[in-house]
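All remarks here apply to the structure that follows.
The values are calculated or read from the model by the stated rules, or taken from the named source; none is laboratory data. This is a predicted model, so every value here is computed, not measured. Reconstructed Cβ throughout: ideal geometry from the backbone, glycine too, with neighbour counts over all protein chains shown. These accessible areas exclude ligands, DNA and RNA; they are computed on the full protein's heavy atoms, side chains included. Shrake-Rupley method; radii C 1.70, N 1.55, O 1.52, S 1.80 Å.
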Amino acid sequence: MGRVVVGVTVTVAVAACAVAAVVVGRRVKSRRKWKKVANVLKELEEGCDTSVGRLRQVVDAMAVEMHAGLASEGGSKLKMLLTYVDNLPNGCCFQNADRFVSSLSFQRTEKGPYYALHLGGTNFRVTRVHLSGQPSPVLEHEVERQPIPPHLMTSTSEDLFDFIASSLKEFIAKEGDGSNSSQDRRELGFTFSFPMKQMSVSSGILIKWTKGFSIVDMVGRDVVACLQEAFVRKGLDVHVAALVNDTVGTLAVGHYHDPDTVAAIVIGTGTNACYLERIDAIIKCQGLLTTSGRMVVNMEWGNFWSSHLPRTPYDIELDAESPNPNDQGFEKMISGMYLGDVVRRVILRMSLESDMLFGPISTKLSTPFVLRTPLMAAMHEDDSPDLIEVARILNDTFEIPDVPLKARKIVVKVCDVVTRRAARLAAAGIVGILKKIGRDGSGGITGGRSRSDIKMKRTVVAIEGGLYSSYTLFREYLHEALNEILGEDIAKHVTLNVTEDGSGIGAALLAASYS
C-alpha cells in the first residue's frame, strides 16, 4: 500500500512539474513575442529620431534647396514657382497705430463683392466676399459647394467650364441685395489646384490633370482663357483677376489681417508653402521687375528631399507602392494623406512579429490607407483610462475585436512617434523658410546659429489645414520644435496664425488686389 501511495505521489509530482514547465514555457514564449513587438517599437523610435541637431540639418538643407530652386529651373526638387503676385491685400488692422503699411499691399479702400472659384477635385466651390471699404477683422462671405458630375471629368474643356460658369451664374443671381446692377463687371480669383505653369498673375498653362480628371483638349492651354470663354458663352461679365493656388490664397488672407505675414503653410491632406521673396534673389528670372521689389514664390515644398530626413523602412515601402514613387518625399512624411498609413504599416509589422498583439492577422490590416489620419489622431488623443476609442477604431477599421489594453497602449505610442516626427519636420521646414529670408536670427547664414547682433522683426506665418488646426498634439509638437530650433529669444518673435479658407476668401481678396 505504501508503495502505491509513493507511486501516486511521484506521478502527481511529475505531472505538476510538467504543467509548470508548460506554463513557464508559455510565459517565456509570450515574453519573447512581446519583446519582438518592443524591438519593432524601439526601431521605429530610432528611425524617426528628430533631435534638435537633426532638425537644424533639415533647416539648413531646406534653405540650400530654396537657393538652388531660385537659381535655375530644375536646380532643385523644390520647384520655387513664380506666382507673379507682388501686390497683397492689406486690411490695415494694425495692433499698433503707427505700424507702417508694407509696400507689398494694396492700400485702396476696395468695396463691394469679390468672388472666388476653387477647382481642386471632384467638387468645386464658389465664394463671395463682401468688402466694406473699411478695415474689418471679420470678412463677411458666403460659400456654395457643388460636386462635379463624373462624366464632365473626362469630357471636354468646354463642357466642364460651361457647367462651372452656369453654376457661378446661378450663385450670382441669388445675391438679390441690389448692391450691383446686372451691368457691373465682377472680379474673380480662380484657385486651380492642378499642375500648371503660371505665365502671369492671371494666366497659367495646364501641365497635366490629376485627381481623376482626364480632359485631353485642356492640356497645354491657358486655364483662365478657357474659363473666360465660358463666361462669355453664358453671358457673364466676370473678369478673372488672379489665378492662384491654396497657399497663395492663405498668404493673402494672413496678410490682410496682419501685414507682418511673410509666409503661408497649408498642412492638411497634402502640404505646400509659399513666401515673400526679393526679386533680386530670384536669379532664374533676371530682368523681371515689380513695383514692390518682391514676389510671392510657390515652393511646392512637398517634393523637398534631404538625406537628413529620418526615413524608415515603412516610408520606403509606402513610397514604392504609391502612384508617384520617388516623388513628394517630404509630403509623404508630414501630411495627413499618409500618416495613418505609416501607422498601419507599423502595426502590421508588429502583428507579423507576434500574434500576442491582436491575434490572427486581419486582412483589413493589409489594406493600404484603410486607416485615415483623423482616425489615427482620435486614437492618439484618446485619454480614457481603458483607451475605449482605440479599441473601437481597431474593431471598426481593422475588424480586430477584444484588443488587450497593453496592445492598445502600444498602438497609441506608434501614433505618437509618427505624429511627433511629422510635426517636428514641418516645424523645421518653416524655420528653413525663415532662414532663407533672414528671419530666424542667424541672418540667413547657412549653418549659423542665432546671432545677438541681429535685430529680430515680428514675423507671422499663416497656416491652414486640418492637420494643424484640428489635431491638438500635432500642433503642440510643432510649436515645441519651433521653440527648440529657434531658441526662446528668437521664437517669441515668430507667430503662427490659423487662417480661414485661403482658397476662397484669399483668392477673392487677390481679385480685389488686381481688379
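Given the whole protein assembly as supplied and a 1.4 Å probe, what does the accessible area of residue 67 come to in Å², nearest 10?
90 Å²
Quick one: P(r) of the range 288-424 from all Cα-Cα pairs, 5 Å bins, percents rounded to integers, in order of increasing distance.
Calculated P(r), rounded to whole percents: 2, 9, 18, 21, 16, 12, 7, 5, 3, 2, 2, 2, 1, 0.
Restricting to DSSP H runs of at least four residues, report the calculated mean residue ellipticity at 222 nm for the chain, -39500 (n - 2.57) per run over all residues, nearest 500 deg cm²/dmol. Provide the component values of the computation, followed by the final result.
Values: 15 runs with 218 residues, N = 515.
Using -39500 (n - 2.57) per qualifying helix, the result is -14000 deg cm²/dmol.
Which order do the peptides 309-315, 386-392 take when ranked by the mean count of other beta-carbon atoms within 10 Å per residue, highest first? Display every interim value, and only then the final one.
On the way: 309-315: 18.4, 386-392: 16.7.
Highest to lowest by the protection proxy: 309-315, 386-392.
For the range 274-314, what is the convex hull volume of the alpha-carbon atoms per residue, in Å³?
Dividing the Cα hull volume of the range 274-314 by its residue count gives 95 Å³.
Normalised by the residues of the chain, what does the relative contact order come to in percent, with Cα pairs under 8 Å and at least six apart? The partial results should precede the final answer.
Values: 942 pairs, mean separation 112.6, N = 515.
The value is 22 percent.
Measure nothing fancy, just the Cα-based angle from helix 472-486's long axis to the longest principal axis of the chain, in degrees from 0 to 90, nearest 10.
Tilt of helix 472-486: around 80 degrees.
Compute the long axis of helix 223-233 from its Cα atoms, compare it with the longest principal axis of the Cα atoms of the chain, and write down the angle in degrees, 0 to 90, nearest 10.
60 degrees
Might you report the magnitude of the Cβ-based charge dipole of the chain about its Cα centre, with Lys and Arg at +1 and Asp and Glu at -1, to the nearest 20 debye?
In debye, rounded to 20, the chain gives about 2020.
Note down the relative contact order for the range 249-328 as a percent, whole number, built from C-alpha pairs under 8 angstrom at least six residues apart.
Values: 75 pairs, mean separation 16.8, N = 80.
In percent, rounded to a whole number, it is 21.
Please say if the range 154-287 is rounded, prolate or oblate, where rounded means a/c under 1.5 for a ≥ b ≥ c the square roots of the C-alpha gyration tensor eigenvalues, and otherwise the choice is prolate for a/b larger than b/c and oblate otherwise?
Note, shape of the range 154-287 comes out oblate.
Along the positive direction of the dipole of the chain (beta-carbon charges: Lys, Arg +1; Asp, Glu -1; about the Cα centre), which of 130, 74, 365 reaches farthest?
Comparing the listed Cα positions along the dipole, 365 ranks first.
Give me the 1.4 Å probe accessible area per residue for the chain, excluding ligands and nucleic acids, in Å².
Roughly 44 Å² per residue, with all protein chains present.
Run the reach check for residue 35 against aspartates and glutamates, Cα to Cα strictly under 13 Å, same-chain hits fewer than 8 apart removed. What comes back?
43, 353, 355
Run through the DSSP bridge list for the chain and note the antiparallel percent, rounded to the nearest 5.
Expressed as a percentage, antiparallel bridges in the chain total about 60.
What shape does the range 451-515 take by its C-alpha gyration tensor, where a ≥ b ≥ c are the square roots of the eigenvalues and a/c under 1.5 counts as rounded, a/b above b/c as prolate, and the rest as oblate? Walk me through the numbers on the way to the answer.
Details: a/c = 5.04, a/b = 1.43, b/c = 3.51.
Here the range 451-515 falls in the oblate category.
Between residue 49 and residue 412, with labels modelled 7 Å along Cα→Cβ, what's the label distance in nm to one decimal, could you check?
2.7 nm
Return the FRET efficiency for the residue pair residue 324, residue 395: r is the Cβ-Cβ distance, R0 is 30 Å, and the value is rounded to the nearest 0.05. Numbers along the way, then the final one.
Working: r = 33 Å, r/R0 = 1.09.
Calculated value: 0.40.
Between residue 153 and residue 71, 0.36 nm times their residue separation minus their Cα-Cα distance comes to what?
25.8 nm
Under 17 Å between C-alpha atoms is the cut-off here; go through the range 376-515 and count lysine pairs that meet it, provided they're at least eight residues apart or on different chains.
Qualifying lysine pairs in the range 376-515: 7.
Out of the total accessible area of the chain (probe 1.4 Å, heavy atoms of protein only), what percent is carbon and sulfur?
Details: 12290 of 22850 Å².
Accessible surface attributable to carbon and sulfur in the chain totals 54 percent.
Report, in degrees rounded to the nearest 10, the 0 to 90 angle that the Cα long axis of helix 388-398 makes with the longest principal axis of the chain.
Tilt of helix 388-398: around 80 degrees.
Give the calculated FRET efficiency between residue 369 and residue 289 to the nearest 0.05, with a Förster radius of 35 Å applied to their Cβ-Cβ distance.
The formula returns an efficiency of 0.15 here.
Classify the range 386-515: rounded, prolate or oblate, from the alpha-carbon gyration tensor (a ≥ b ≥ c, eigenvalue square roots; a/c under 1.5 rounded; otherwise prolate if a/b is larger than b/c)?
In terms of gyration-tensor shape, oblate.
Tell me, what is the 1.4 Å probe accessible area of residue 514, in Å² to the nearest 10?
50 Å²
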